[in-house]
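The values are calculated or read from the model by the stated rules, or taken from the named source; none is laboratory data. Quick caveat: nothing in here was measured; it's all calculated off a predicted structure. Quick reminder, even Gly has a Cβ in these numbers, built from the backbone with ideal geometry, and neighbours come from all protein chains shown.
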């Protein structure tokens, strides 16, 4: 991907340059349709450098972004903790200042690229106020950073729990200003939340491709599976879900690229609908395959495992519903 120039879409090299969410979404849509693990690698390069692209200094951009773009450095985003997922104010990892250094203490878990990343963007509390977070770049070779355990999941992605003990970083490792970490995290997630929907869309497109091929080729009771009306109805529902998800995903991406403010509701709608509908589309494809669909290693079986996590990470479906409802209730009534 680095050699192909695809990772350039993950980073904003120049001050004032914005991440183009439509390019990110299109890339994830296409990659997920072909190879979900490639989509995962692409997404993590973007998420692990998003805070640097959005809030990093010129020096941080020059040092970290070009190697990521070239595929020579692996990035990671260390936000989640054992007791802090969507509730970012519950983050317990602390960063205290000592002279020209910061000392990080705490645990992060469910960290994508954990154990293989070259650097981590780590979020930690910098004050007593729960909302006062800092974002720090921690090199993988830091003596105070340990990979506590690797996490095995139903879809084989590199995930790990990280331990920070007397983890010392210089002032230059701080992204933005102390206390600005919550804003940095939320801004980064708003960019990439829409692209999670795009990845789900790509998985759903592949499932529909596989289902159509199966329906045309599979002979049942002397005729093609596609000849049965129940099959046709299922395929129609799948196609409808794919197109509706695409409209929501690319609406949210367009809104982020062209609007001056936040697009929290649009991103939440795209992520929620695309991931939930992709689960249904993939389940429908597996049903059409029958027993073959649950054989380990087949395309639809892999898709079935891959889609499940997308309904959880970067905000569960339940959290997205709360975000949408909160946005609606905040709006002033129009007479």
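Restricting 127, 131, 114 to those that are in contact with a helix residue (DSSP H, G or I) (Cβ under 7 Å, 6 or more places away or on another chain) and not in a strand (DSSP E or B) reduces the list to 131.
Exactly one residue out of 59, 17, 98 is over 26 Å from residue 155 (Cα atoms) and assigned by TED's automatic domain parsing to the domain that holds residue 148: that is 98. For segment 52-66, a residue qualifies if it is buried (at least 16 other Cβ atoms within 10 Å of the Cβ) and part of a helix (DSSP H, G or I), and the qualifying residues are 52, 53, 54, 55, 60, 61, 63, 64, 65. Within segment 50-70, residues that are closer than 17 Å to residue 170 by Cβ sit with their Cβ atoms under 9 Å from residues that are modelled with pLDDT of 95 or more and surrounded by fewer than 14 Cβ atoms within 10 Å (Cβ to Cβ), at 6+ positions apart or across chains, in these pairs: 57/172; 59/172; 60/172. May I ask you to verify whether residue 177 is surrounded by fewer than 20 Cβ atoms within 10 Å (Cβ to Cβ) and either in contact with a strand residue (DSSP E or B) (Cβ under 7 Å, 6 or more places away or on another chain) or part of a helix (DSSP H, G or I) (or both)? So residue 177 does not fit the description; no. Of the residues making up segment 17-37, one or more are in a loop (DSSP other than H, G, I, E, B) and crowded, with 19+ Cβ neighbours inside 10 Å.
In segment 135-155, which residue that is farther than 16 Å from residue 77 by Cα and in contact with a helix residue (DSSP H, G or I) (Cβ under 8 Å, 6 or more places away or on another chain) is surrounded by the fewest Cβ atoms within 10 Å (Cβ to Cβ)? Here the residue is 154. Checking every residue in segment 207-229 against the condition of being in contact with a helix residue (DSSP H, G or I) (Cβ under 9 Å, 6 or more places away or on another chain), within 27 Å of residue 46 (Cβ to Cβ) and surrounded by 18 or more Cβ atoms within 10 Å (Cβ to Cβ) gives at least one match.
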